[in-house]
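Data first, discussion second: the structure below is written as structure tokens.
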């Protein structure tokens, strides 16, 4: 399990934190001619070696990078606008399948240095949950509800909304919900949901487009639901 969490941690960082919008746009436009596709795969190889902290792991790290290239290249050529959610989910599922397969077949013992104090199973799982609930979860929710997004519902300076405010609010609320669930403070989760509902009441009440209300509600419920489920899974696996 330790190896899987290390590989998953490297995947989340490489796929969601070190891949910019510019890189994604370049890959979608130029496909395998985009230099960012190769840079992205190289980043995954280096991250895998860094987080596993074992140079002898290089064949597996190289395999992860090559499989990442094949999966991403196939996605670039096969995805269609109306398949965006499905292609995203299949892409992530295949990456995770590669990581699980490597974890099952790799039996070499790790170097037991002080690094193990920071990377035991429970801490790795905790780090992974925290990272998952930020940018990866934000991208997942945005992709999942993209087909319902009203055309006039965009962050623009004209509507007085702060740039990327929705993303930061979502990240913070999911991290708070996760921490509250881990601490067993379910009443705090209810308070947070009630507080957000009050703040968003004015927007929903004054919104002329019903789709805006439905879009916000779906996003909020998805955000809270994923955070709560992540907290429950963490509690059950960490106590197992």
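Give the order of 187, 214 when sorted by the count of other beta carbons within 10 angstrom, beginning with the fewest. Present the calculation step by step, with values, prior to reporting the outcome.
Working: 187 9, 214 14.
So the ranking, lowest neighbour count to highest, is 187, 214.
Per residue, the convex hull around the alpha carbon atoms of region 2-112 comes to 93 Å³. Taken along the Cα-to-beta-carbon direction at a fixed 7 Å, the label points for residue 237 and residue 172 span 2.8 nm.
Computed extension length for residue 101-residue 46: 17.9 nm, one decimal, from 0.36 nm per residue of separation with the Cα-Cα distance subtracted.
Could you list 145, 71 in order of exposure, starting from the residue whose Cβ has the fewest other Cβ atoms within 10 Å? Provide the component values of the computation, followed by the final result.
Values: 145 16, 71 19.
By the 10 Å Cβ count, ascending: 145, 71.
Taking the fewest neighbouring Cβ atoms within 10 Å as the starting point, the ordered list for 230, 52, 2, 101 is 101, 2, 230, 52.
Every number in this text was worked out from the coordinates using simple rules, so none of it is lab data. Bear in mind that the values here come from a model prediction, so they are computed numbers and not experimental data. Cβ sites come from the backbone with ideal geometry, for glycine too, and all protein chains shown count toward neighbours.
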